Amino acid sequence: MKRLPLPCHGPGRATSSVVRAVALFLTSLLCGLTSDARAEVAVKRTFLKLPSSNGHGAVMLDLEQKKVSHFREHLFATEEPVIDALGNDVFVRSQPQVVHARDVLFDAFFGLRSGGTQRWLSTQDADLDASGYAAWGAGKTGGTGLATMVQRVGTLEVTTYVFAPQSVPHASFVMAVRVRNTGAAASTGVSVFSLHNFHVGFGRPGVMADLDENGETVEVSGNDFVEKGFAGVVVGRPLGAVTRKAAWLSAATGAGNAFNVVQGGGQQDLQEFTAPPAAGTGWASAYQFNLGDIAAGAEKWAGVAFVHFGNPEGTSTARQWLSDYVGGLDAKALVEAEVARWATFQTDTVKVPTGTAENEESLVRQSAVVMHMAQVRESETFMREFLTRDGETRLTRFKAPNGAPATLPGMVKHAGKGAVLASLPPGQWTYAWIRDGAYAAAAMATLGMRSDAREALAYYLNADSGRFQSWRELQPYSMPPYIITLTRYHGFGVEETDFNEAGPNLEFDGFGLFLWALRHYERTTGDLTLVNEYWPTVSTKVGDALVALIDPETGLIRPDSSIWETHWNGRQRAWAYTSLTAARGLCDAAVLAERVGDAERATRYRAAGESIRRAMAEKLTDGNFALASNLEELKSGRGYWDSAVFDAFAFELFDPAGKIARETIRGLDLRLSSPAGAGWSRNDDRYDHTGGADMSPWGSEYDSAEWVIVSLRGAMAHRMAGNPERAERVMKWVTDQSLKNYLAVSETYDELNGTYKFNVPMVGFGAGAYALALAHRADGTADPACGAYLDESTLSKPPDAGPGTPDAGTGEPDAGPFVPDAGNPETPLVSGGGCSASGPGAMAVWLMLGLAGLTALTRRRRA
């Protein structure tokens with residue numbers, strides 16, 4: 001596929017003819033790296049941990065370790081803030097203390113006896129090409145929440161299925177195994193073993209960390225294993241006829257340790273567990289299922305279903321949950337029923353955008369599954385009177401389900417239902433960011449997931465938010481009452497933010513994004529009831545609040561932390577992304593206001609949206625009319641390139657054929673195109689450092705990585721601007737990457753080798769953004785903000801005085817390659833209108849310049 005040619009101009013001033021000659025050669029070399037000469041690197045499979053969730057908990061099948069390696073009691077990472085007796089949030093060394101959700105599983109896996117010997121399947125190779133998410137129908141790829149792993153032992157094909165059952169409204173999972181004889185002769189004496197090592201002791205170390213295993217007890221109730229501890233009770237029920245039930249402490253040896261029995265080979269059966277319950281450290285349990293002979297071409301099944309309940313005394317309740325789910329069904333029937341549920345979801349709910357290719361359809365259908373699994377379904381939970389260990393009192397802001405003050409231990413009702421998390425595990429972003437959630441809610445509506453989208457949007461209007469209004473950081477703004485979080489939410493629906501040495505993240509882009517998603521939902525689904533019901537809250541605590549945040553001096557939204565979360569204490573900026581989301585959101589709010597008969601607000605919101613857009617065009621563009629990352633870096637004359645501004649065109653603020661779009665897209669293509677992939681880095685902060693004059697010294701490899709969200713929004717911008725070739729390159733790149741990696745869309749790709757980087761699978765910034773990009777290609781209908789693009793004919797600028805670079809970023813340390821110091825910042829060799837040594841091939845150019853001893857290029861040093 002053709003890539004955009006790189007328009008090249010000669011370099012600017014040089015300090016000597018020799019330097020100038022070498023620079024001309026190197027600049028020509030860089031500019032010769034045209035689109036036609038470079039293709040994306042080959043995609044690689046690096047993501048091997050497949051999550052499944054029912055909105056109450058989450059489980060994960062690890063294809064690398066060949067086991068179930070994670071089972072969390074809630075879908076989200078944290079429950080709520082730690083509070084004191086007065087109800088105030090507790091801070092320790094300037095960090096807010098939080099109640100972490102818990103991973104109650106160390107590991108679980110199957111074993112197999114065949115051919116006269118036995119082994120744990122965690123020691124056998126997995127067929128990674130055959131593994132992945134189960135198909136929702138014949139001839140389909142994925143489209144379900146059932147993670148599968150295929151292994152082969154002799155002529156036996158062994159397929160493990162792991163999933164969180166959608167019909168169980170509790171933290172639960174099933175691990176099932178199908179043993180199929182692919183040989184020409186019967187396989188005799190086949191047995192299956194299942195091992196389950198739960199940790200339910202002290203601690204709340206974080207949702208991806210192991211709990212203690214102290215004080216656990218195990219007992220057998222019928223054929224059910226019941227394991228209790230401080231962190232609650234787990235009940236396991238075998239799916240099929242059980243031959244033996246074994247349990248042991250970690251210190252057990254010989255035949256008393258079932259792990260060793262199977263690991264040792266041979267054909268020794270497990271030792272039956274008959275001991276009375278006794279507290280100990282490190283209990284594990286196992287089942288043995290004797291399947292007998294399996295004829296050629298035949299198959300047999302076994303499995304176990306588990307539930308977790310946070311009440312250690314809740315065994316009877318947990319067992320009833322299993323009875324309600326399992327009934328008299330075996331492992332095969334439960335797997336087939338789960339596939340059938342997802343097939344119904346795909347046929348009755350999901351609406352695939354027209355014109356999608358087969359691979360794209362597979363990915364967008366799995367993206368719908370990911371968004372569905374990433375939505376919190378619980379509204380109540382059991383809370384112990386202790387927090388991390390016996391005697392450590394727990395306090396909560398929430399009430400009992402009947403509205404009375406909560407008495408612990410007991411059930412409490414919280415506000416978490418409906419939240420869409422930014423990622424599923426193993427991604428660390430299992431929090432409800434409004435930014436990610438807005439893209440996800442819009443995508444849900446687009447794909448026909450109307451009820452999911454409605455709950456996602458209603459969640460933001462019912463959560464415990466507006467908590468930071470009186471913070472000293474916001475006092476200069478006279479912060480108005482608000483309802484949309486300034487960062488994200490704890491799992492129980494409580495607004496939160498994170499802190500570093502530069503203070504908190506306080507972000508205003510969520511207001512506009514919510515308003516955009518709300519109107520998108522209404523326009524796409526035709527459902528008017530959500531806005532009708534909540535308009536008083538939407539208008540006063542979202543729309544009015546956003547108008548109040550307009551800076552009267554600049555006409556832009558006041559400085560904040562924005563999309564890249566730069567924190568505060570001098571790091572806040574007047575970000576283009578925040579203003580563009582505000583402009584789009586207010587224009588959409590004006591449409592909603594007009595529909596509900598709020599004429600005054602319709603006029604006011606429309607005027608505010610148009611004025612912000614005008615201020616962006618006049619004050620946030622450089623001499624060539626390219627949109628800058630933020631006002632402060634633009635004024636510094638450099639370091640202002642940010643792919644987040646693609647959304648100024650994806651959200652249709654500006655004419656995609658106009659000069660602002662043309663120069664912005666051109667500049668981003670030149671400076672931020674990924675060396676390895678088809679997309680763009682999020683900004684240039686990692687390499688824009690200029691000593692004390694640097695406006696963004698926090699740049700890191702998080703900034704230089706190729707970001708999927710900005711790449712997909714960039715594809716939309718390119719398509720509208722008349723460059724479908726680049727748009728299709730991006731779509732194919734993301735599709736191919738995701739297909740290779742089990743239909744999981746990554747947060748980022750490594751900019752040098754194209755492999756998955758940081759968090760996977762992403763929801764709003766991944767699955768949702770992909771769905772929106774496909775739908776945009778299929779629709780093709782223009783929807784300019786406030787009914788029309790900005791009239792750019794009256795805009796004028798003095799000639800561009802020089803180059804530009806970067807945007808914001810996280811405070812993470814730079815872990816990447818060193819870029820050598822190339823010289824004096826006052827004499828750039830490459831003008832703002834020419835080729836930039838920061839796109840494809842840029843690192844090699846910088847290295848050559850450094851080795852040549854050139855001193856005429858902009859000074860760059862490692863962060």
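Yes/no matrix, rows are residues, columns are (1) in contact with a strand residue (DSSP E or B) (Cβ under 8 Å, 6 or more places away or on another chain); (2) in contact (Cβ under 8 Å) with a residue 40 or more places away in the chain; (3) outside any helix (DSSP H, G or I); (4) of a type in the set (S, T, N, Q):
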| residue | (1), (2), (3), (4) |
| --- | --- |
| 530 | no, yes, no, no |
| 533 | no, no, no, no |
| 537 | no, yes, no, yes |
| 542 | no, yes, no, no |
| 547 | no, yes, no, no |
| 564 | yes, yes, yes, no |
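Which one of 738, 700 is of a type outside the set (Phe, Trp, Tyr), under 22 Å from the mean Cα position of the chain (by Cα) and more than 23 Å from residue 357 (Cα to Cα)? Step through it out loud before you land on a result.
Numbers: 738 fails: more than 23 Å from residue 357 (Cα to Cα).
Answer to the check: 700.
Looking at the stretch 718-757, which of its residues are among the aliphatic types (A, V, I, L, M) and either outside the structural domain of residue 371 (by TED's automatic domain parsing) or not in a helix (DSSP H, G or I) (or both)? Spell out the reasoning first.
Filtering the stretch 718-757 for residues among the aliphatic types (A, V, I, L, M) gives 720-721, 727, 730-731, 734, 739, 743-745, 752.
Of everything in the stretch 718-757, those that are among the aliphatic types (A, V, I, L, M) and either outside the structural domain of residue 371 (by TED's automatic domain parsing) or not in a helix (DSSP H, G or I) (or both) turn out to be 721, 743, 744, 745, 752.
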**Fill in**
Screening 580, 586, 620, 592 for residues that are of a type in the set (A, V, I, L, M) and in contact with a Ser or Thr (Cβ under 8 Å, 6 or more places away or on another chain) leaves only 620
**Asked** Within the stretch 428-435, can one find any residue that is part of a helix (DSSP H, G or I) and of a type outside the set (Asp, Glu)?
**Response** yes
**Message:** Checking residue 584 against (1) surrounded by 24 or more Cβ atoms within 10 Å (Cβ to Cβ); (2) assigned to a loop (DSSP other than H, G, I, E, B): exactly one of these is not met. Which one?
**Reply:** (2)
**Request:** May I ask you to list the residues in the stretch 757-771 that are surrounded by fewer than 24 Cβ atoms within 10 Å (Cβ to Cβ) and not polar (S, T, N, Q)?
**Result:** 757, 758
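Let's see how each residue does on (1) farther than 28 Å from residue 319 by Cβ; (2) without any contact (Cβ under 8 Å) to a residue 40 or more places away in the chain:
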| site | (1), (2) |
| --- | --- |
| 129 | yes, yes |
| 133 | yes, no |
| 141 | yes, no |
| 145 | no, no |
| 150 | yes, yes |
| 156 | yes, no |
| 163 | no, no |
| 167 | no, no |
| 170 | no, no |
**Message:** Give me the residue from the stretch 459-500 that is of a type in the set (Gly, Ala, Ser) and touching a Lys or Arg at 6+ places or on another chain (Cβ under 9 Å) and, out of that set, surrounded by the fewest Cβ atoms within 10 Å (Cβ to Cβ).
**Reply:** 466
**Request:** For the stretch 109-220, please list each of the strands (runs of 3 or more DSSP E) lying entirely inside it that holds at least 2 residues being buried (at least 20 other Cβ atoms within 10 Å of the Cβ) and of a type in the set (A, V, I, L, M, F, W, C).
**Result:** 147-153, 156-163, 172-181, 187-198
**Message:** Of everything in the stretch 225-243, what is crowded, with 18+ Cβ neighbours inside 10 Å and more than 18 Å from residue 279 (Cα to Cα)? Give them in sequence order.
**Reply:** 236, 237, 238, 239, 240
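Which one of these is within 27 Å of residue 163 (Cβ to Cβ), touching a residue at least 12 places away in the same chain (Cβ under 8 Å) and touching a Gly at 6+ places or on another chain (Cβ under 7 Å): 400, 374, 368, 443? Lay out the reasoning, then the answer.
Numbers: 400 fails: within 27 Å of residue 163 (Cβ to Cβ); 374 fails: touching a Gly at 6+ places or on another chain (Cβ under 7 Å); 368 fails: touching a Gly at 6+ places or on another chain (Cβ under 7 Å).
Exactly one residue qualifies, and that residue is 443.
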**Prompt:** Restricting attention to the stretch 597-620, which residues are farther than 14 Å from residue 547 by Cα and buried (at least 24 other Cβ atoms within 10 Å of the Cβ)?
**Reply:** 616, 620
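The values are calculated or read from the model by the stated rules, or taken from the named source; none is laboratory data. Only a predicted model underlies this, so the values are computations on that prediction, with no experimental measurement involved. Cβ atoms come from the backbone with ideal geometry, glycine included; neighbour counts cover every protein chain shown.
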